[in-house]
Amino acid sequence: MTSVQVVSPEVRQAAAYGCGVMAQFGGEEYAQTCAEALPLLVQVISHPESRTKENVNPTENCISAVTKICKYNSSRLNVNEVIPTWLSWLPIKEDQEEAPHACGYLADLVESNNLVVLGDNNSNVPQIVRIITETFESDVLENYKDVADRLKKIVVHVQQNPDIWNACLAILNETQQQALSKALAS
């Protein structure tokens, strides 16, 4: 399991991908291993250089692996303790194969009105809209229309509450606002 912490970005990425596959398809017999992998994945994601050019893909694979552990194989951990930190790692902007997993899980949580992801009095909604906006801005979901459409529906729903919508717009710069408008119009 320590492969996710090795120096080689390629090995880290492959190990993280394997953790995600284990979580998604391994079943209950891998629940303890997934729980043990979580802190190792967090260490990689939290490293000060995790978002540098050479490390971004392994990092995004680690984020996706954490996503899959939370969604598919979380019986040995408290997902509600993981979600706030997980949310702070989003969006995935580079890895077009892993982004739909994280975005889909985010949509699952928002659509189910998960209080941990939404925050007290919907305090996390501006952050969620920022994540969605940056995801659209990166075009990482260009081949995943179904996931993109779910995210668009979330934003359209948020627009119906002027106070929350204005709070969302307040944290987006002009370029981000334009990217969001373009995504919603498509």
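Here are a few things to note about the model shown:
- Count of the range 86-142 residues, restricted to those that are among the polar types (S, T, N, Q) and out of contact with any Pro (no Cβ under 9 Å at 6 or more places or on another chain), is 9.
- Within the range 56-96, being without any contact (Cβ under 8 Å) to a residue 40 or more places away in the chain, acidic (Asp, Glu) and within 16 Å of residue 21 (Cα to Cα) holds for one residue alone: 60.
- Residue 93, sole failed condition from (1) assigned to a helix (DSSP H, G or I); (2) touching a Ser or Thr at 6+ places or on another chain (Cβ under 9 Å): (1)
- Scanning the range 108-124 for residues that are under 11 Å from residue 87 (Cα atoms), in a helix (DSSP H, G or I) and more than 12 Å from the chain's Cα centre (by Cα) turns up 116, 118.
- Candidates in the range 144-157 are the residues that are closer than 16 Å to residue 91 by Cβ and of a type outside the set (Val, Ile, Thr); of these, the one that is surrounded by the most Cβ atoms within 10 Å (Cβ to Cβ) is 151.
- Residue selected from the range 158-176 under the condition part of a helix (DSSP H, G or I) and either touching a residue at least 24 places away in the same chain (Cβ under 8 Å) or under 20 Å from the mean Cα position of the chain (by Cα) (or both), by the criterion surrounded by the most Cβ atoms within 10 Å (Cβ to Cβ): 168
- Residue 35 vs. criteria modelled with pLDDT of 95 or more, under 16 Å from the mean Cα position of the chain (by Cα) and not in a loop (DSSP other than H, G, I, E, B): no
- Close pairs (9 angstrom Cβ cut-off, 6 or more residues apart or separate chains): modelled with pLDDT of 90 or more in the range 1-29, polar (S, T, N, Q) and surrounded by fewer than 14 Cβ atoms within 10 Å (Cβ to Cβ) anywhere: 15/2; 28/75
The values are calculated or read from the model by the stated rules, or taken from the named source; none is laboratory data. Remember, predicted model here, so these are calculated numbers, not experimental data. Reconstructed Cβ throughout: ideal geometry from the backbone, glycine too, with neighbour counts over all protein chains shown.
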